[in-house]
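The values are calculated or read from the model by the stated rules, or taken from the named source; none is laboratory data. Every value quoted in this text rests on a predicted model; they were computed, and no experiment measured them. Reconstructed Cβ throughout: ideal geometry from the backbone, glycine too, with neighbour counts over all protein chains shown. Only protein heavy atoms, including side chains, enter the accessible area calculation; ligands, DNA and RNA are left aside. Shrake-Rupley method; radii C 1.70, N 1.55, O 1.52, S 1.80 Å.
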Amino acid sequence: MERPELPLPQLHAFVVLAEELHFGHAAARLGIAQPPLSQQIRRLEDRVGHALFSREPGRVALTAAGRELLPAARRALTDLAGGLAAARAAGSGRAGRLRIGFAASLALTVLPGLLRTFRQRFPAVHLDIHEMTTAPQIAALHDRTIDIGLLREPPADEPEIAFRTVLSEPFVAVLPAAHPLASQRTVHVAQLADSPFVLLPRAAGPGLYDRITGLCTEAGFTPRTAQHAVEWQTVCALVETGLGVSLAPAGIRRIRLKGVAFRRIAPGTARTRVAVAWREADPNPLVAHLLATIGGE
């Protein structure tokens, strides 16, 4: 980048004098004496190589060179003022860009209210939203391609990443509407032992996968997986076709499919943890603002 040829104080003095066309009035507006203003203008004219003002008794006017320079000088000063304002807003966390990863199921629960509240408080912040499962969110935080993660069942120990619980919710059984257990209000997990399962792949979210299969293990059986699906919408759609059953966070009930029944499970003490994740040493003030917005434990 080339070094600027014209100092900004000289450009400012030039623009003010061009607007006032009077050295005394321009000096007063700039808060300086008239001789320093005259010196600023002479230095600028020396740099340009041509007179910018014609000076006659009782009259100051722009020359052709001055008229040519004036629009560019105004743009330069306006651009700088805008850049300084934007930098100050970004530095204070009132503007800028925040990249958020989120688990698809949270679009049914936590995400809408969080984004609505945050946008109301910080309308100048651009939110860049990425749908991804837990493991990719952790990788994206390490790679610095997202700033915040909203995920299920965070890992117990992840270097340089902090977690805060924002929600815990129970599990439900996801059944084809025609399944014999769909007529019950509550399904015991052990009653699912003979049914094939539709599950998220473990690689997408090891913690949640282990929680679901752990519920089955506690009930005395190992789930027989008929199909994997990365998104809960797809899990429900496959259940609707009769490919199997599933266990899912209760928020999945907001997926409305006529051929799917959601039922409470027993024991009903099992819950899944939703957490916000961020880099512990991240200096971005927008991260702190979002954490304050989302709350949690």
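Pairs, please: C-beta under 7 Å, at least 6 apart or cross-chain, first residue in contact (Cβ under 8 Å) with a residue 24 or more places away in the chain and in the stretch 186-197, second assigned to a helix (DSSP H, G or I)?
Every condition considered, the pairs that remain are Val187/Leu181; Val189/Leu215; Val189/Cys216.
How many of the residues making up the stretch 251-292 are among the polar types (S, T, N, Q), touching an Asp or Glu at 6+ places or on another chain (Cβ under 7 Å) and over 14 Å from Ala162 (Cβ atoms)? First the steps, then the outcome.
Of all residues in the stretch 251-292, those among the polar types (S, T, N, Q) come to 269, 272, 284.
So of that shortlist, the ones also touching an Asp or Glu at 6+ places or on another chain (Cβ under 7 Å) come out as 272, 284.
Then drop every residue that is not over 14 Å from Ala162 (Cβ atoms), which leaves 272.
Of the residues in the stretch 251-292, 1 are among the polar types (S, T, N, Q), touching an Asp or Glu at 6+ places or on another chain (Cβ under 7 Å) and over 14 Å from Ala162 (Cβ atoms).
Could you check, for the stretch 4-16, whether at least one of its residues is open to solvent by less than 50 Å² (accessible area, probe 1.4 Å) and touching a Phe, Trp or Tyr at 6+ places or on another chain (Cβ under 6 Å)? Quick ask: steps written out before the conclusion?
Just the residues of the stretch 4-16 that are open to solvent by less than 50 Å² (accessible area, probe 1.4 Å), to begin with: 6-7, 10-11, 13-16.
Adding the requirement that they be touching a Phe, Trp or Tyr at 6+ places or on another chain (Cβ under 6 Å) leaves none.
Checked the stretch 4-16: no residue is open to solvent by less than 50 Å² (accessible area, probe 1.4 Å) and touching a Phe, Trp or Tyr at 6+ places or on another chain (Cβ under 6 Å).
Restricting the search to the stretch 189-213, which residues are buried (at least 17 other Cβ atoms within 10 Å of the Cβ), outside any helix (DSSP H, G or I) and in contact with a Lys or Arg (Cβ under 7 Å, 6 or more places away or on another chain)?
Phe197, Gly205
Taking Gly220, is it on the phi < 0 side of the Ramachandran plot, of a type in the set (Gly, Ala, Ser), more than 29 Å from the chain's Cα centre (by Cα) and open to solvent by 40 Å² or more (accessible area, probe 1.4 Å)? Steps first, please.
On the way: on the phi < 0 side of the Ramachandran plot: no; of a type in the set (Gly, Ala, Ser): yes; more than 29 Å from the chain's Cα centre (by Cα): yes; open to solvent by 40 Å² or more (accessible area, probe 1.4 Å): yes.
Taking the combined requirement at face value, the residue does not satisfy it.
Of the conditions (1) touching a strand residue (DSSP E or B) at 6+ places or on another chain (Cβ under 8 Å); (2) closer than 14 Å to Gln10 by Cβ; (3) of a type outside the set (A, V, I, L, M); (4) modelled with pLDDT of 90 or more, Thr63 satisfies every one except a single condition; which number is it?
Thr63 satisfies every listed condition except (2).
Collect the residues in the stretch 260-271 that are more than 18 Å from Asp194 (Cα to Cα) and touching a Ser or Thr at 6+ places or on another chain (Cβ under 8 Å), keeping them in residue-number order.
Across the stretch 260-271, the qualifying residues are Arg264, Gly268, Arg271.
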